[in-house]
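The values are calculated or read from the model by the stated rules, or taken from the named source; none is laboratory data. Here the structure is a predicted model, which means the values were calculated and not measured. Here the Cβ positions follow ideal geometry from the backbone for every residue, glycine too, while neighbour counts run over all protein chains shown.
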Amino acid sequence: MKVLIQKKSVSIDPAKKKKGKSPSRAKTSVKGKSRRRVEPIASVNEGPNEHEKIEQESSEDEMNQEDLVEDNETHQSIEENESSEDDDFTRTEEIKDSNEGHLLGDDDEAGEAPPTVEESDSSEDEVPSRNTVGDVPLKWYEDEEHIGYDITGKKIKKQARKDKLESFLAGADDAKNWRKVYDEYNDEEVELTKQETKLIRRMLKGRTPHAEVDPYAPYVDWFVWDDKKHPLSNAPEPKRRFIPSKWESKKVVEYVRAIRKGLIKFDKPKEEPRFYLLWGDDSSSTDKSGHGLSYIPAPKPKVAGHEESYNPSIEYIPTQEEINSYQLMYEEDRPKFIPRRFESLRTVPAYDNALKESFDRCLDLYLCPRTRKKRINIDPESLKPKLPSRKDLRPYPMTCYLEYGGHSGAVMSISIDVSGQWIASGSMDATIRIWEVETGRCRKVWGVDEAVQHVAWNPLPELPILAACVGQDVLLLNTGLGNDEEQQKIKELLHVDTSAVPDESGSASIVSWLQYDKHEGIRLKHHKTVSSVEWHRKGDYFTTIVPGGDTRAILLHQLSKKLTHNPFKKLHGLPVSAVFHPSRSMFFVATKKTVRVYDLLKLSLIKKLETGLREVSSIAIHPAGDNLIVGSKEGKLCWFDMDLSSKPYRILKSHPKDITNVAFHRSYPLFASSSEDGTAYVFHGMVYSDLNQNPLIVPLEILRGHSSTNGRGVMDCKFHPRQPWLFTAGADSVIKLFCH
């Protein structure tokens with residue numbers, strides 16, 4: 001029997017070694033039970049200890065007796081199965097060494113040239129991988145249906161994965177299952193051969209993979225010692241070779257600290273689900289991860305029809321009149337292509353917009369986002385804010401209970417007495433009237449020279465004084481209500497002493513305090529038209545607004561001392577309205593764009609509220625003093641929470657026309673707005689003492705009843721001081737009372 005044995009040849013030519021050639025592996029033919037080992041050839045330059053090396057090799061031959069026996073068995077199977085898979089490990093060539101005769105052994109066999117086996121490191125001998133994606137990470141293909149591409153460019157489909165139960169059952173039935181290994185790169189199972197299992201066993205025992213490789217081959221001194229007097233290097237080994245590096249230890253400490261601080265993060269291992277479906281995937285499962293396309297393909301361009309033909313039918317060709325009508329259309333409505341007829345395809349000219357349409361098509365493909373969006377089915381009713389029922393928010397004004405008729409012109413302003421028993425009104429017919437609330441009886445009428453723009457009742461119940469804006473004058477009138485003591489005090493207040501000299505210099509040039517003998521009152525003469533008047537809560541001070549007064553647009557007056565003060569030497573914008581704070585010494589000035597809050601004691605600006613409206617028409621302060629509402633001439637109503645921000649908390653778009661006035665109720669959580677559209681809106685506005693809870697605003701009712709006159713509707717609205725009633729004054733010269 002002939003056995004082939006692989007052995008590393010140690011016969012090296014120094015000239016070949018310099019060229020970079022590796023030593024070859026020799027193969028010895030063994031006949032019968034005799035074996036021959038291929039030993040290195042002794043050359044002249046190998047040194048004087050040649051005999052000692054031969055003895056050492058012979059002793060190693062005895063130690064590796066077991067390996068040689070395995071070699072016999074292995075190579076017998078190789079010779080019998082020459083077409084097996086072990087051709088990848090050995091390759092037979094003829095021995096080309098000139099020192100064949102110096103082999104150890106008998107002289108008869110030394111002359112023969114035994115064949116040698118050389119192992120090649122060429123990558124051409126390796127079996128090419130089925131997957132040709134190279135160094136691309138396989139995790140890139142997790143969401144795809146394929147795992148890569150083969151050498152022809154075709155996709156390698158992923159194999160159906162077996163669950164743990166199927167794998168266990170398959171392994172129990174297959175006796176060779178323990179030799180199967182899963183190749184993740186090619187997505188297939190590979191069965192190991194007997195030779196490969198032997199290699200693995202030898203490596204697990206700490207031996208060389210191939211039994212024919214001698215790990216203790218004799219050393220070959222390749223250096224040429226002739227005429228060399230000194231060694232290559234005689235320097236002693238440095239100390240750093242034998243002690244650990246302190247720089248590496250510092251670097252390790254830096255990495256440890258970075259890991260503890262979280263600067264360096266590691267990828268967490270992918271956890272497998274603890275529970276899984278026993279009988280496969282569930283199509284109704286929401287967390288199903290399919291391998292479908294994660295993108296939507298681009299839409300295909302429209303296929304050309306009959307009108308794009310070079311010789312279309314007659315019905316597709318437009319007439320000259322139709323072509324002329326195209327010029328009158330908008331460019332986006334105009335047809336992009338007009339069909340024409342040609343006798344042959346050779347006479348068809350080049351398309352003018354070919355390049356432009358191709359460019360537009362590329363832009364569409366490049367800029368159009370094509371992502372798969374999950375549609376969420378949401379009930380629109382669930383998006384609406386949950387508001388309390390209107391029945392739970394009662395009482396509030398709903399129906400018209402009483403009408404006050406008597407004016408011949410539009411009622412511009414109304415004001416209610418503190419007691420709630422009397423109501424005053426000013427009209428364009430140059431009259432001021434006082435009505436009894438419960439009966440609607442007109443108690444008193446004053447005739448003035450001009451139209452009345454605004455009326456305001458004194459907030460003190462013991463001083464029933466009425467202030468009215470008539471042209472450039474402000475009239476302080478005695479209503480005649482109250483007992484004799486109150487009337488005596490009122491007459492003293494409404495008396496102007498002409499001999500008294502004003503304390504403030506220049507006050508006489510601002511406003512003139514004159515006695516109004518016609519109606520037993522005081523007349524304050526301004527230099528321009530006065531638009532509104534508002535009282536302080538103490539009843540002694542009041543303010544007037546002169547929109548065209550420049551630096552004298554806002555004035556403060558003291559009734560007891562008959563003094564006038566100009567607190568603002570410079571105003572930022574045209575003033576629209578000014579009101580006092582209901583409990584603190586603060587003053588609100590509304591211009592067309594902003595609302596400024598001033599401290600009357602320090603005469604300094606506290607806050608500036610940005611409305612964001614086109615033009616402010618009116619403002620009202622909440623009885624608590626921390627919230628206010630602003631009406632505009634564009635139909636918007638803004639709610640400000642001064643503790644929250646200088647921007648509006650809520651903007652309500654309620655009226656289609658200008659808002660004329662807004663008002664808060666003194667005791668009920670109600671506020672209202674009137675508009676020139678002839679309606680008044682009533683809202684529920686609850687302000688909580690808890691600062692973390694936002695105000696609750698709920699629309700309640702739309703009050704109608706006033707007719708539009710000269711394009712104007714409701715001019716003013718006021719709440720009753722005690723009852724949830726609302727008074728509205730309309731341009732139709734009627735005052736209406738709405739009750740709950």
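Select, from I659, I651, the only residue that is among the β-branched types (V, I, T) and either surrounded by fewer than 21 Cβ atoms within 10 Å (Cβ to Cβ) or in contact (Cβ under 8 Å) with a residue 60 or more places away in the chain (or both). Break it down stepwise before answering.
Numbers: I659 fails: either surrounded by fewer than 21 Cβ atoms within 10 Å (Cβ to Cβ) or in contact (Cβ under 8 Å) with a residue 60 or more places away in the chain (or both).
On inspection, the qualifying residue turns out to be I651.
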In region 508-529, what residues are in contact with a His (Cβ under 8 Å, 6 or more places away or on another chain) and at pLDDT 90 or above? L524
Please specify each residue of region 411-428 satisfying the condition of being buried (at least 20 other Cβ atoms within 10 Å of the Cβ) and outside any strand (DSSP E or B). D417
Can we say L402 is in contact with a Leu (Cβ under 9 Å, 6 or more places away or on another chain), aliphatic (A, V, I, L, M) and surrounded by fewer than 18 Cβ atoms within 10 Å (Cβ to Cβ)? yes
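With surrounded by 12 or more Cβ atoms within 10 Å (Cβ to Cβ), over 30 Å from S425 (Cβ atoms) and not assigned by TED's automatic domain parsing to the domain that holds S415 as the only criterion, which of E315, E308, E331, E343 stands out? Before you say what the answer is, go through the steps one by one.
Working: E315 fails: surrounded by 12 or more Cβ atoms within 10 Å (Cβ to Cβ); E331 fails: surrounded by 12 or more Cβ atoms within 10 Å (Cβ to Cβ); E343 fails: surrounded by 12 or more Cβ atoms within 10 Å (Cβ to Cβ).
The match here is E308.
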In region 429-449, residues that are closer than 18 Å to M715 by Cα and either assigned to a loop (DSSP other than H, G, I, E, B) or at pLDDT below 90 (or both) total 2
Residues of region 518-548 satisfying the condition of being closer than 16 Å to T479 by Cα, charged (D, E, K, R) and not in a loop (DSSP other than H, G, I, E, B): R523
Identify, please: which residue in region 159-204 is of a type in the set (V, I, T) and under 27 Å from G148 (Cα atoms) and is, among those, farthest from the chain's Cα centre (by Cα)? T193
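Residue-wise test of (1) closer than 21 Å to P459 by Cβ; (2) among the hydrophobic types (A, V, I, L, M, F, W, C); (3) within 34 Å of the chain's Cα centre (by Cα).
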{"residue": "K561", "(1), (2), (3)": "yes, no, no"}
{"residue": "N566", "(1), (2), (3)": "no, no, no"}
{"residue": "S585", "(1), (2), (3)": "yes, no, no"}
{"residue": "F588", "(1), (2), (3)": "yes, yes, no"}
{"residue": "T594", "(1), (2), (3)": "no, no, yes"}
{"residue": "K608", "(1), (2), (3)": "no, no, yes"}
{"residue": "V616", "(1), (2), (3)": "no, yes, no"}
{"residue": "H622", "(1), (2), (3)": "yes, no, no"}
Can you find a residue in region 225-236 that is part of a loop (DSSP other than H, G, I, E, B), over 54 Å from the mean Cα position of the chain (by Cα), over 30 Å from P273 (Cα atoms) and of a type in the set (D, E)? yes
Quick test of your reading of the structure: P397 fulfils all but one of (1) over 30 Å from P459 (Cβ atoms); (2) surrounded by 10 or more Cβ atoms within 10 Å (Cβ to Cβ); (3) not charged (D, E, K, R). Name the failing condition by number. (1)
Which numbered condition trips up T551, out of (1) over 60 Å from the mean Cα position of the chain (by Cα); (2) in a helix (DSSP H, G or I); (3) at pLDDT below 85? (1)
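Please work out if L402 is touching a residue at least 60 places away in the same chain (Cβ under 8 Å) and in contact with a Cys (Cβ under 9 Å, 6 or more places away or on another chain).
Working: touching a residue at least 60 places away in the same chain (Cβ under 8 Å): yes; in contact with a Cys (Cβ under 9 Å, 6 or more places away or on another chain): yes.
Judged against the criteria, L402 is a match.
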Spot the failing condition for T564; the list is (1) in a loop (DSSP other than H, G, I, E, B); (2) closer than 28 Å to D497 by Cα, and only one is missed. (1)
